[in-house]
Structures are given as structure tokens and as C-alpha cells.
1. With all protein chains present, how much of the accessible area of the protein assembly as shown (probe radius 1.4 Å) comes from carbon and sulfur, to the nearest whole percent?
2. Among DSSP beta bridges whose residues both lie in the protein assembly as shown, state the antiparallel percentage, nearest 5.
3. Using protein chains only (no ligands, no nucleic acids) and a 1.4 Å probe, work out which residues of the range A:168-200 have their accessible area cut by at least 40 Å² relative to the chain alone.
4. Would you jot down the residues in the range C:64-81 that end up with at least 10 Å² less accessible area in the complete protein assembly than in the chain alone, with a 1.4 Å probe?
5. Across every pair of different alpha-carbon atoms, what Kirkwood hydrodynamic radius in Å does the range A:61-190 reach?
6. Grab the DSSP H runs of chain B that are 4 residues or longer, score each as -39,500 (n - 2.57), total them, divide by all residues and round the 222 nm result to the nearest 500 deg cm²/dmol.
7. Considering only protein heavy atoms, what per residue accessible area in square angstrom results for the range B:41-273 with a 1.4 angstrom probe?
8. Keeping every protein chain present and rolling a 1.4 Å probe, give me the accessible area per residue for chain A in Å².
Amino acid sequence: MEKSNNSGRVKGQKSAVKGVLISLMLLYLTLFLLVPLIFIFVKAFEQGTAVYFAAITDSDALSAIKLTLLVVIITVPLNTVFGIAAAWCITKFQFRGKQLLLSLIELPFAISPVIAGLIFILFFSPRGALGSLLMDWGIKIIFSVPGIIIVTMFVTLPFIARELIPIMQTQGKAEEEAAISLGASGWKMFMLVTLPTIKWGLLYGMILCSARAIGEFGAVSVVSGRIRGMTNTMPLHVEILYNEYQFSAAFAVASLMSLLALVTLSIKSFIEYKTEKQQVGE
Amino acid sequence: MKKKKNVLPGFGLSMGITTLYLSLFILIPLSMIFIESSKLGWVDFWKVVTSERVVHAYKISFITAFAAALFNGVFGLLIAWVLVRYSFPGKRLIDGLIDLPFALPTAVAGIALTTLYAKDGWIGQWFSAIGIKISFTPIGITLALMFIGLPFVVRMVQPVLEGLEREVEEAASSLGATKGQIFRKIIFPEVLPALLAGFSLAFARGLGEYGSVVFIAGNMPMKTEIAPLMIMTKLEQFDYAGATAIAVVMLVVSFICLIFINFLQKWSQKHVLQEE
Amino acid sequence: MSIEIRDVTKHYGSFQALKNINLTISKGELVALLGPSGSGKTTLLRMIAGLESVEEGSISFDGKDLSTVHVNQRDVGFVFQHYALFKHMTVFDNVAFGLNIRKKSLRPSKQEIEKKVHELLELVKLSGFAHRYPSQLSGGQRQRVALARALAVEPKMLLLDEPFGALDAKVRKELRRWLRKLHNEMHITSVFVTHDQEEALDVADRIVIMNKGKIEQVGTPSEVYDKPVSPFVYDFLGNVNLFHGRLQQGKLNLGSAQLDAPDYIDKDETDAVGYVRPHHLTVERVRQSKDEIAAKITFMHSIGPTWHIEMRREDIDAYVEVELSKEEFMQLDLKVGEIVYVSPKEMKVFIPEDFII
């Protein structure tokens, strides 16, 4: 009898708590995420569209964009091959040292980007055996484009493998075994059975990998040498402009990258929506 | 269950690619850092890592990363809770927006936050009116790290909250537990491992973060210099050995974090398995 | 195609999954591998299919050793426990998969594949479902798609892993009958794994009962049910009452009663256990001889035409289960709490040393 009396009050209390919590969250997210995001675009257009377009069509900006794209084009496919290979052997087979392998894959996440850069500076340093050999051959890695690519590969290495491993783990082996028992070759099994089931996760991983490859700052900053028009990626270009007090130009290039980030998030949401639908379908 | 011989093809190939790639990109380069630091000798190593400026940088990194992770722990739990338990218009959008710090280049976040929270910035002016300076102080560093670390706790806690069986709460409620008791005694213990794991991830990320912090920190020696910046400074002076020594200390701390996270995950898995 | 399994042993690390298995399956037979979980039945099936490697012993088809032949060359149709349908393909594409992936020279024409798939879908009664996805089908329908997919490559042998395990009781029974019918029409050598004794007894020509990696008994359903060769088979197939006692001059002495054990006339003073099926016990309201066991009725219930009566023995703390036909039950007019006298019509005695290793 007490319950029925109370239920109205409890309900009121509940919705009050709900209201407070939701408002708190919205306040926090507005201050931290939304305002900075909007701010970037406001700042970018502060001095009008002419300045904006001048900033992003400037030759240094264009070469930074080109270099960034080159990094993505090389990094993402290689990390995709690695990610698929790693996920395949880890999820479909049993072997010793699997846990160690998993930890190694995750390692770049735990290492500061600056240290990642440092690692490769040391690795290719002319004082080392490899560095001096490369120097004799006239190949420059550090403070040049190959260094930027290698260090980006290091930093983005876990993304795809880490998306695929849980998917392939829950998928199990039965579908692949069924394909094999029906006479499929390894390649056909992979193309017709494995790939279609992992495609969304794979795409998601590739997108995260690209986003990070585009935006990586610390590690690239260490190995780039920051030579304008030569070894500047977009984030480094933003830094230079910012330090030269060209704020509008800095934010203009930043807004391009923010746009890419928003595209990344939308694709991510779309993929989540897709896979959710798939799961509901089952 | 199964041992090596498996009808599925490609073990040799995939294992080969994986180990080759990991060796080339992680194992061999990483070992360089330990080789390099051993060249330094114990005395010199100790001198570098205990010099006043470096120690101060560690302290700043440690304290700001810890404070940011703590904030993210509280607000991350709150956000995850709201996203899982309540429905309201625009929820999908907000859920998508949570990952912005992962998608947005750190340098972009850095310049945006610095300008916003500077004393004449959109938000900073309100704080400076009451005498709080944010940009170019440790508060600013903490703020940048809060931005960077926000998704970690939310994304760790969210699936755990989603996976909680409502029946358990209903059972507790039918046994006379109040809402507060249910949260403290039923929900919180279930969420705790994920919360701690998210906290550790945010903390580890904060320790190593460079891009977003370097702008807002102001980089004043002994005041707002962070450890990754110290490495950068040493590198710019071509003091590789010094840079390596600082890096080794940071790596060790990161590994300890990683081991802790692993342990937490194992522990929570065991916890779940036992219940099944 | 006939299958001969010779001395097959399988280890997973230190765990021995199969111990020295010998089994011959003749052409056109429908054989059930029956056993509790962990008995090795699925491992054996997967080894026949080539999904697990044979490390010791050999498996040959029609006298040809297949240990080294890869699963995709074996001509076996395998139906997976959870069907393993390709979720992203329609029913049609699932069934056509095995034909579509063949090399150009061996692949039937598009029209032939289409014809074949439609024939198979008709056979499994899913004609209208060709363009559905697996997620839009019920469990029983998925099971039939899995079967059609396996049959599409015209395998010489059909292997089914717990084919009805995930289905509800009614669909299960229906599919069971249908599988039997299908087998009668196609006469393809078939082996299926099950842990459900009723399923095995109902469908199979022969049953292989497995336990802890070993074959306990092989025989027709009536052989294994009526003449179990081991206590395990007794226990596993149907209900059984155990009477612990000592063998004395061809009798099993329970203390209060002595039961005939003619097989053990030469054994003396040995602990032994008598196994009696519930329907092999007679019940009397009045004691007829001193070798009847007194028991008090604790519970009675009927399932269809049989009555199940649970009683507690008066001499020791043990329960006895008796099954009576409706007529017998009516005649006796039993009541809960009453003391009655039971004696076995048929009993098989095992000496523990024989089966405890």
C-alpha cells in the first residue's frame, strides 16, 4: 500500500535525476567537444572566405596536403594486410605466445608518439649499423618522407588488427570450414566467405587508421625535420602557421582536417548502424 | 581446443607476415632504445633522469595526466550512464560525437583549446574574470588531456553497462534495495574493472600526449614543461642519450599501466566466467 | 562409399580425445555416433570429414587411405552443428556455393546450377525461399538449407554434427523422420552425431555408443537397447535401477533378498551391481517370496500409457523406479505410502572391477 502512494514521487524523482544527469553531460560535452569544434570553423572564416581559400591553396599547404595523402595511401594498405594477417592467425589458430603477440600489437597505443619518433631516430641514426649503411647508399630516412611514413605506420599499426580480432573471434571457424568442406580453395574461402563477414569492421579499422595517419603530430614532428614544402604534413603545417601567428590560416587548414574528422565519425556511425541492423536481423 | 594441424589455410603465411611486420616495426626499433640507454651508463642515466628540470617535467606530466584521468573517470561514467540508460532526442548524434577526440588531429585540438581558453578567448575570458588562468598553466594541460582522454572511459564502461542484466537490478529491488543501494552494491562493482581500465588507458595516453598539450602548455621550464616535450627539447639539442634516458623512464611507467590494464581485463573476465 | 576406421587415436595436448577407435561403416548405412559431451563423437566425425588431422591410425574410404587427402577433395558433405550458413548470401547462393567455386572446367553451366539448386530446394521443401537470407529463416529451415548445401556437391558421404541439437522438440521430431526418409531415397552413407538417445534409436540403422574417447558398443538400436554390454550403456540408454550386492553361488545377495545371477555361477564373495530397467520390475501388493524387495511408494505419475512409480526401499536408503502399463497399474490399484514388493524379471549383473579401471 505504501508503494502505490510512493510511485508518483519516485517517478518524479527519477525524471529529476535524469534531467540533472543529462544536463550535466550536455554541459560537459558542449564545453569540451562542441564549442571547440565550432570554434575551429568560426576562426577559419574570421577574415573572410578569400583568406580561407588563400590559406588552403597556398603552395606549402598544398604540398602538406599531398604529403599527408601519400602517407595515408602507403600506410593504410600495408597496415590492412598486416591487420588481416594478424587477426587471421590469432583468431583461427591456437599457438603458443598468442598473448605476447596481442600485447605487441597493442604496444604502439601505450607508447608516447614522441617516443615512437625517437625510436626510429635511434634506429636509423648514422651511428648505428643500419643508419650508416643507408647513409653509404645515399638513402635518407630520418628528416625525410620515408621516415614520416615509417613512423606513421608504427603509430597506426594496431588500428585494423584490433577492429578485426574481436569480430573474427565471435565469428568462429565454422563458416570457413563449411566453405573448405564444399571444396573451396583458401583464396576463394577468404574472398567469398571471410571478407564479406568482416567488411564493415575492416572498413572501420581502415578509417580509424587513416584518421590517425592524417592527424599524427608528435611522432611525425620528431622525424620530419619540418622542411617547408618537403617534409611537412598537414598537422605540422598548422603548427608552423600557428607559431607564426597566422591564426586564420592555421585554423583554415585545421578546419579541413576537422571536416575529415567529422566524415570519419559519420562513417563510423553509419557502420555501427549497419552492423546493428545486421545483428537485429539475426 | 584445437592444436596446430587445422584445415583452415594460411597459418604459415599470416603468421609470417605478422611476425615479420611486428619485428620490423616494433621489436627491433624498440630494442634500440634500451641499447641506446645502456650506452649512457648508470651514473649518467641517473643524472639525466633526476635533473631538476626533468623531474619537474615528470611531475607535471604525472599530475596533470592523473587529474585528467580522474575527471574523465567521473564524467566518463556519467556520460556512459546517460547514453545507456536514458533516451532523449539527439542521443545518436552525441554518441557519435564522443569519439571526436579520437578522430580530430591532436594539433587541431591543441590550437582550438588554447585559443578558446586563453584569457581573451571565448571561454577563457569568463574564467580570467574570476581570476583563473587556464591556457599556459597546468590547468590548461589538464584540460587538453581531459579532451584527449574523454572517449576511453566512456567506451570502456558503455558496453559493460549495456551488458548488465536488468533482472539482477529488479531482483535487488524486489529484495528491498533502494536506487542508491542498487547502484553502489550491484552496478558499481560490475562497472569498476572497466572504469579502472578506462582510467588507466586515459592516464597512459595523457602521460605520452604531445600534440594537444604542446600548444596550451606554454612550455615554460620548471612550470609547464611536460615529459614528452623534454624529449623533444633534448632531441633538438642532438642529445640523443639524454632523450633516450627520459623515454626509458616513461616507457617503464607505460608498461606498468599496460600490465595493470591487462590484469584488470583478465580479472574481470574471470569474474564473468565464474558467474556463468 | 564405405568407411573403415583403424586404430585411430587423437590427443589434444595431454588430453586424449580418442582412444584406439576401430569402426567400419558400410555403404548406404545410416549410423549414429551417440555419447555424452566430451565422449569424442564430434572429434571422430570431424576426423572422418578431414576437418581434424589423423595422427595415429588410419581412415579409409572404399579401401583408400585418406589420411593425407584434404577435406576439400574428400567428397564429403558436412552439416555443421550451428549450420554455418553464409550469412551474407541468399539461400540460393548458399546452396550453389559448392558448385560456383569449382574451376571453370569442372563447373556446371549457370542453367545447370540453377536447375540443381531448385531441385535441392524442392527436396528440402524450401522452394519459395531461394532469395531469403539465413537470418530470415527459422531454425528448422536453416537446418534444411545446410543439408541442401551439403548435398549440392553430390557427396559420397553425408556427415552431420548434432543436426537437430538446436531445434525445439516438435521440429526435431519432424526433421528426424524426414532425414530418415531422405536417406531411404538417396541411400547415401551417412553418419550423424547426437547426444540424444531417442534420436539415435529413432533414426539410425546402427548406433555407435561412445564414452571418454572409446567405443562402448556398436549395434542396431534394439541390440544396444536390449542387450547393453556395459554399465555405461545401460545407464546412458534409458533409465535403470541399480542393486548393489554380493555374488554368492550364482545369486546376487542384497542382504534382504537374493536375486538370480546365473552368469556368475563361478564367482563367489564378490561385490557386484545388478542393472534392471524400470519396466523389467514386477510389483506385488502381497509378498510372494522372500526374495522380493520391500519398498514404499513415494510418488506416482503417468506419461501417456505408462505409469512411473517411485519407491523407497525399506531395507536400505535407495530409490527404485518402476514402469507399469496402464492395465497393470489399474489392476494393482496402488496408492502413495503403500508398501509393495518388487522383483526383477530381467537383470544384468556387472562386477565393478570389470568396468572401473
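The values are calculated or read from the model by the stated rules, or taken from the named source; none is laboratory data. Model, not experiment: these values are computed from the prediction. Note: ideal-geometry Cβ built from the backbone for every residue, glycine included; neighbour counts use all protein chains shown. The area values use the complete protein model at the heavy-atom level, side chains included, leaving out ligands, DNA and RNA. Shrake-Rupley method; radii C 1.70, N 1.55, O 1.52, S 1.80 Å.
1. Numbers: 25440 of 42160 Å².
Summing carbon and sulfur atoms, their accessible area is 60 percent of the total for the protein assembly as shown.
2. Values: 59 of 77 bridges.
Of those bridges, close to 75 percent are antiparallel.
3. Output list: A:LYS173, A:GLU175, A:GLU177, A:ALA178, A:ILE180, A:SER181, A:LEU182, A:LYS188, A:LEU192.
4. Going by heavy-atom accessible area, the residues of the range C:64-81 that drop by at least 10 Å² are C:HIS70, C:VAL71, C:ASN72, C:VAL76, C:PHE78, C:PHE80.
5. The answer is 17.2 Å.
6. -24000 deg cm²/dmol
7. Ligands and nucleic acids excluded, the result is 45 Å² per residue.
8. Details: 12270 Å² over 282 residues.
Per-residue value: 43 Å².
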